[in-house]
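Note sheet for the following structure.
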Amino acid sequence: MVQVYEQDKRQSDDINNIKLTDVIDLKFLQRFQDDFAESVGLASVTVDVNGNPITTPSRYTRFCMDYTHSTKCGDRRCAESHRKGGEEAARTGKPVVYECHAGLIDFAAPIILEGQLIGTILGGQIVTHTPPEEKYRKFAQEIGVNEEDYVNAVNEVTILTPKRIEAAANVLYNVANSLSKIAYHERKLIKATDVLNSNLNQMSATMERLNVVGEMAASIGHEIRNPMTTVRGYLQLFQSKNDFTKYHDHFGVMIDELDRANSIITEYLSLAKNKAVTMNIGNINDVIQSLQPLLQADASCRGQQLFTDLGRIPDNTFDEKEIRQLILNLVRNGFEATQDCGEVTIRTYEQSGTIMVSIKDNGTGIPDEVMQKLGTPFLTTKENGTGLGLPICYRIAERHGARILVDSASQGTTITVMFKPDTG
């Protein structure tokens, strides 16, 4: 209980100290901010919790930069106007559209992480109708700039409808908040993984380790997927816009990476002990035969061979999707354990009423130090592996009341899954 409390306390401290620059790629944010501002016709800048800019201003108007901010009075009024807008956005937790002291329409979109403000996107510098000349002559007198120049500058400002201004603020709000949440939860996963790995040697059994990871995955997996879905949707939307043609490939890469992250989350969720399964009567040989074309194609691409030796086995009760994943994981592990021209054999048979499914490869075997830790989450010898494939197999076997036996030597490895016969 002490370990759990300390971990929760560290995570609480982390959110109190986290900065916007810790969870958002500023280069991407700058590119997105620049392109979005140019395509919509508004100005924008992102500031930290103290109001300090962390991006370069995008599409700032001559009216603001060359005139309004050119005097101490105008600059002070702008700062006060933005402060009030930012405070209101932070208070409500959503974008706020307001009129600045100089009569332009601005907005403040808060970036909030677990209820805490970590930054704000400020934007606008637009009007909703043709600027009245007398109004801006008066403003010019108050802040001490040339009236004619000020009127000419305000007439260059973009005119947008209130609806489009609100929509622009919401897009920036949703994208920035989704990106920050994804990055923050990735940080939490990494930290949780570090904590788990540092304590693995103190845990008594593989199943206990899987329980910890499965519970963690079930608690945060869906929370991560929701903002990922939002970001993926916006990326697909921008990818289809002509304004972003030159970034089409970049958006494609980002979408692929989100899909890859989603597949990893799916692996995490597979470790949950209480994952719902649909058990039906069937024959495991049928599952293997349905997978054979896919596995044969995989073998051919690797320059390897796949053999099957399916004996007569009785029907039993299982979740077909889980058994497919179990076999895919074990066979692909076998492929990866062999060199070019390697061989993997799938064999089924019945032994004393028990259904036996074995996957044998002719690789170099599993090192002793790895054998002692088989089933440990995140343990992998692959450069890009997650270390979840075999733990997922152990979890699937457990949900089906099955056992996994591993026999490994220098001539290869055989992993056998033993399914108990149905007693009903």
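Quick rundown of the values:
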quantity: The range 80-119 and the range 122-164: distance between their alpha carbon centers, rounded to Å; calculated: 21 Å
quantity: Gain on full stretching of the segment that runs from K19 to A297 - 0.36 nm per residue minus C-alpha separation; calculated: 95.3 nm
quantity: Simple spin-label estimate for N242 and D259 in nanometres, 7 Å along Cα-Cβ; calculated: 2.7 nm
quantity: Viscosity 1.306 mPa s, temperature 10 °C, Stokes-Einstein D of the range 94-154 from Kirkwood C-alpha radius, µm²/s; calculated: 119 µm²/s
quantity: Neighbourhood net charge (12 Å Cβ-Cβ; Lys/Arg +1, Asp/Glu -1) for G103; calculated: -1
quantity: Relative contact order (percent, whole number), the range 63-162, Cα cutoff 8 Å, 6+ residue spacing; calculated: 25 percent
quantity: For the range 44-125, convex hull volume per residue from C-alpha positions, Å³; calculated: 78 Å³
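Rule-based calculations on the coordinates, nothing more; no lab input. Note that the structure is predicted; figures quoted are calculated from it, not measured. Positions of Cβ are backbone-derived with ideal geometry, glycine not excepted, and every protein chain shown enters the neighbour counts.
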